[in-house]
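Below: one structure, written as structure tokens.
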Number of protein chains: 2
Amino acid sequence: MPIIVQKFGGTSVADAEKIRRAAARVIKAVKNSFQVVVVASARGKQTDELIADALEVNPNPPKRELDQLLSTGEIQTVSLFAMALAAAGYDAISFTGGQIRMMTDSVHTKARIISIGADRIHKQLDKGKIVLVAGFQGIDEDGNITTLGRGGSDTTAVAIATALGAEECEIYTDVDGIHTTDPWIFKTAAKIDQISYDEMLELSSLGAGVMHTRAVEFGKKYGVKIHVRSSIEETKGTIITHEVPQMEGVVVSGATVQKDMAKIGLVGVDNKPGNAAKIFSRLAKAKVVVNDIVQTEISTEKANLSFMIGISDLSAAKEAVEQVKDEVNCERVFIRDDIAEISVVGVGMRTHYGVAEKMFGALAEAEVNIDSITTSEIRISCIVDKDQAEQALTAVSIAFELDKPAQERTK
Amino acid sequence: MPIIVQKFGGTSVADAEKIRRAAARVIKAVKNSFQVVVVASARGKQTDELIADALEVNPNPPKRELDQLLSTGEIQTVSLFAMALAAAGYDAISFTGGQIRMMTDSVHTKARIISIGADRIHKQLDKGKIVLVAGFQGIDEDGNITTLGRGGSDTTAVAIATALGAEECEIYTDVDGIHTTDPWIFKTAAKIDQISYDEMLELSSLGAGVMHTRAVEFGKKYGVKIHVRSSIEETKGTIITHEVPQMEGVVVSGATVQKDMAKIGLVGVDNKPGNAAKIFSRLAKAKVVVNDIVQTEISTEKANLSFMIGISDLSAAKEAVEQVKDEVNCERVFIRDDIAEISVVGVGMRTHYGVAEKMFGALAEAEVNIDSITTSEIRISCIVDKDQAEQALTAVSIAFELDKPAQERTK
């Protein structure tokens, strides 16, 4: 019998009524002759409440103990879920991460999965049971409980789907799928029917709250088909899968805006080997994640260097740059924290011309000034003023017809 | 270094402030050069809340899943407790039942402990850590989570004290120790300084909410000194220990009343071998726990038989008796559910005369009618009308001077 993994997020299991509704989804799959494995998150705001409880006794709780505490939320959900299935007459068994040997490294609060005891799950499925696995958690080789970080239940689900050779991993959520852009800004944003792993990863900021990036990486690595869909409506959602030829017909799959970024520029750095390395090794030591590095020569001796960081890393980054700037003979440092990044993403860019032109044209027409531009093979990003971010995203969304299903757009 | 086990009940760890207060107790023991193991229950009303959550999805939840669910309450407490100790600068590590290999049988919701991975606890203690263990839970040999039943954290604590060879097992609670009788009825009931395991077991109805019977049995079996004391005040509580000669000087250690009982009588049963066995095997099949069986001959052919049961078993017991009564040629069945049992307990009864006389005299003076009497080596119990229960207990308490410390009573 084919296996399907169904993952239910916190909002989809927040109370008894919602657990029963989720159970009905599971039962439907059983009736369709699937062996079903359910992965669930903590109910509603449980994880936030547990974190608040922790901070009340210790503003800086030891991470091992925090993992021990937080793991309980998901265990509660899966045992209640199993009870709901039993009430409907279905035989179900719930497991903690440890019970199915979800082995991880020992990096508490953001552990990585090493292996899964698939045989333990298969054994129960083969007995005709619905298997429920607490998401987000594992154990290390010493038996300590670890957690995979926020959104880790998505990763649990995709990893289990991989380990079991499942047909599909369904991610149930409170929206009906992935949209071409943020519907809070561009109200008519279309739902995406199908998208490649790479596009989804580039659209990660869109996915925030919908789909965890690491889960997509996992899906890509092991080729698991991921189906993001509504836990309320019976509609088909968004399939995240391998790139298929027909995807190339879609020039732009989606557009994103990121507002929580800052840009740091070093003007007039000595243009000699090793200087860039000095700067970025100092930033790495300060644990600052750096994106979109741009270096331009301004003379034979001097270059300008700029990069993007998350706004939460700004003070650490400033300090790191201060420490290194004299060493590289930097004339001036500038910082912009009033910016946003607008991106368009699509595997079709590889074979279509004129995407950049259309994007810049749309921004110009909307009178949005472009600070700088970076591109990857399947993405074009423009830095704009933060207070123009929403009009920029809207202009780009209209230009690429992101309110229409992919097949109806102008070629 | 000597080891001490400290157990904190739900009310003693109900919120952050109380957890900090409990942590202060632990730190005091560390400063007194003890290696400390802490066993804790679920916070406040958590277990009740989880049971309510379960009943909301399934009025008859599978017991394995109920255990999986309920075990989370204690895990939350011990991880928060470890965080509180860390905040105070002490190195602590929390464990689930499974993590310290608290092995039990597979009888979900009332499992019995088989063995404990004491080496795992010793290893952490020897590293200088305070070890916290989630009470009330274990795992069976298949790795399923089990629970020990209500009050099971007491049993966990005493079992760990046994396994570690601890000096003492301290049970912290919201009262200052065990009292000679119910202070809600006899307000001036004295605190008992020292009591034998056997007396404590006989006084189990007193212990309800204070000390779990199975924990006392465990303590008796392995000779663990149990100290029931207040989590709020710094006073000495009640020591439950082996019988020592001086205990014999105390005629009556305590008095109890049990109101949730019923009496069933079979009048005129054929007095021939095997009839009693027929009746009680039928009751056993119906899972009715029977106490205080009394059989009296009324003629050479006929006997009367009566016994006590918990009131919650009354309908099951009635049905069982109906099924068997013709077979034993019973003339009439009577049932009394308007009764209460008043008992006095004391190891001193073995060597002192006149205890029964004093008890009956006190009841007579208070104009309490005695329905029937049963005795054990260290206990005398009288069945009285339920609406006279409180005046009966008061009369007995005054007669045996249960408002005074043991050493001040009339010899």
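Shortest first, A:Pro245 label-point distances to identical copies amount to 10.1 nm, with the label point at 7 Å from Cα along Cα→Cβ. Each of A:Thr241, B:Thr180, B:Thr235 was scored by other Cβ atoms within 10 Å of its Cβ. Listed from fewest to most, they are B:Thr235, A:Thr241, B:Thr180. Helix A:16-31 and the longest principal axis of the Cα set of chain A meet at an angle near 80°. About its Cα centre, the dipole of chain A is roughly 1160 debye, where the only charges are +1 on Lys and Arg Cβ and -1 on Asp and Glu Cβ. Using alpha carbons only, how many degrees (0 to 90, rounded to 10) separate the axis of helix A:389-399 from the longest principal axis of chain A? That helix lies at roughly 80 degrees to the long axis. Label positions at B:Ile370 and B:Val267, each projected 7 Å from the Cα along the C-beta direction, are separated by 2.2 nm. Close amide H pairs (under 5 Å, H built 1.01 Å from N) link A:Glu170 with A:Val5, A:Gln6, A:Lys7, A:His227, residues at least 5 positions away or on another chain. Between copies, the label points at B:Ser315 (set 7 angstrom from Cα along Cα-to-Cβ) are spaced 6.5 nm, reported in nanometres from shortest to longest.
Most simply put, the range A:3-174 has about 20% antiparallel DSSP beta bridges, counting only bridges with both residues inside it.
Largest GNM mean-square fluctuation across A:Leu85, A:Leu201, A:Leu305, computed for chain A with C-alpha springs under 10 Å, falls on A:Leu305. Which of A:Pro61, A:Pro273, A:Pro183 ends up with the largest GNM mean-square fluctuation for chain A, with Cα atoms connected below 10 Å? Among A:Pro61, A:Pro273, A:Pro183, the largest GNM mean-square fluctuation belongs to A:Pro273. Think of each Lys and Arg Cβ as +1 and each Asp and Glu Cβ as -1; about the Cα centre, that makes the dipole of the range B:136-192 roughly 360 debye. From the square roots a ≥ b ≥ c of the eigenvalues of the alpha-carbon gyration tensor of the range B:3-174, which class results: rounded (a/c under 1.5), prolate (a/b over b/c), or oblate? Oblate. Relative contact order of chain A: 13 percent, from C-alpha pairs under 8 Å at least 6 residues apart in sequence.
Its Cα centre serving as origin, the range B:3-174 has a Cβ charge dipole (Lys and Arg +1, Asp and Glu -1) of approximately 520 debye.
Note on the range B:3-174: lysine pairs with Cα distance below 30 Å, sequence gap of 8 or more or different chains, count 28.
Ignoring lysines fewer than eight residues from A:Lys278 along the same chain, the ones with Cα atoms less than 19 angstrom from its Cα are A:Lys263, A:Lys287, A:Lys302, A:Lys318, A:Lys325.
Computed from Cα atoms, the angle from the helix B:213-222 axis to the main principal axis of chain B rounds to 70 degrees.
Once the chain from A:Val107 to A:Asp142 is taken as fully extended at 0.36 nm per residue, the excess over their C-alpha distance is 11.4 nm. Per residue of chain B, the DSSP helices (runs of n ≥ 4 H) give a summed -39500 (n - 2.57) that works out to -10500 deg cm²/dmol at 222 nm. Restricting the chymotrypsin sites (Phe, Trp or Tyr not before Pro) of the range B:138-206 to loop positions (DSSP other than H, G, I, E, B) with no more than 10 neighbouring Cβ atoms within 10 Å leaves B:Trp184. Using R0 = 60 Å, the C-beta based FRET efficiency linking B:Asp15 and A:Ser299 works out to 0.35.
The residue among A:Thr351, A:Cys382, A:Ala362 whose Cα reaches farthest toward the positive pole of the charge dipole of the range A:339-405, with charges on the beta-carbon of Lys, Arg, Asp and Glu, is A:Thr351.
For the range A:75-97, the residues whose amide N sits under 19 Å from a probe point set 7 Å from the Cα of A:Ile51 along the beta carbon direction are A:75-77. Under the combined filter of DSSP loop state and at most 14 neighbouring Cβ atoms within 10 Å, the range B:241-324 retains these trypsin sites (Lys or Arg not before Pro): B:Lys287.
Calculate, in nm to one decimal, what B:Arg150 and B:Asp193 gain on full extension: separation in residues at 0.36 nm each, minus their alpha carbon distance.
Difference between extended and current length: 12.9 nm.
Computed 3J(HN,Hα) for the range B:152-158, one whole-Hz value per residue from the Karplus formula 6.51 cos²θ - 1.76 cosθ + 1.60 where θ = phi - 60°, is x, 5, 4, 5, 3, 4, 5, glycine and proline marked x. Taking every DSSP beta bridge that has both ends in the protein assembly as shown, the antiparallel portion is near 60%.
Among B:250-256, A:76-82, the peptide with the highest mean count of other Cβ atoms within 10 Å heads the list, and the full ranking is A:76-82, B:250-256.
For a Förster distance of 25 Å, can you work out the FRET efficiency between the beta-carbons of A:Ser33 and A:Val244, rounded to the nearest 0.05?
0.40
Assuming a ≥ b ≥ c are the square roots of the Cα gyration tensor eigenvalues, decide whether the protein assembly as shown counts as rounded (a/c under 1.5), prolate (otherwise, with a/b larger than b/c) or oblate. The shape class here is prolate. Put simply, the Cα atoms of chain A extend 75, 53, 34 Å along their principal axes, the longest span coming first. By its C-alpha gyration tensor, with a ≥ b ≥ c as the square roots of the eigenvalues, how is the range B:360-411 shaped: rounded for a/c under 1.5, else prolate for a/b larger than b/c, else oblate? Verdict is oblate for the range B:360-411. Among the GluC sites (Glu not before Pro) within the range B:16-108, not one is in coil by DSSP while having at most 16 neighbouring Cβ atoms inside 10 Å. Compare the Cα positions of A:Val26, A:Ala161, A:Ala16 along the charge dipole of the range A:3-174 (+1 at Cβ of Lys, Arg; -1 at Cβ of Asp, Glu; about the Cα centre) and return the one farthest towards the positive end. With unit charges placed on the Cβ atoms, the residue in question is A:Val26.
Summarising the rotation from chain A to chain B, the nearest chain A beta-carbon to the axis and its distance in Å are given as A:Thr72, 2. Of all DSSP-defined beta bridges confined to chain A, some 60% are antiparallel rather than parallel. Extents of the range A:263-335, largest first, come to 35, 19, 17 Å (Cα atoms, principal axes, whole angstrom). Computed over chain B with a Gaussian network model linking Cα atoms closer than 10 Å, the most mobile of B:Asp385, B:Asp53, B:Asp154 is B:Asp53.
Per residue of A:80-91, other chain Cβ atoms within 10 Å of the residue Cβ number 5 on average. Going by neighbour counts of Cβ atoms within 10 Å, the residues A:Lys127, A:Lys110, A:Lys404 line up, fewest first, as A:Lys127, A:Lys404, A:Lys110.
Read-outs throughout are calculated quantities, based only on the coordinates presented, and are distinct from any laboratory measurement. What you are looking at is a predicted structure, and each value in this text was computed from that prediction instead of being measured. No Cβ is skipped: glycine too gets one built from the backbone with ideal geometry, and neighbour counts run over all protein chains shown.
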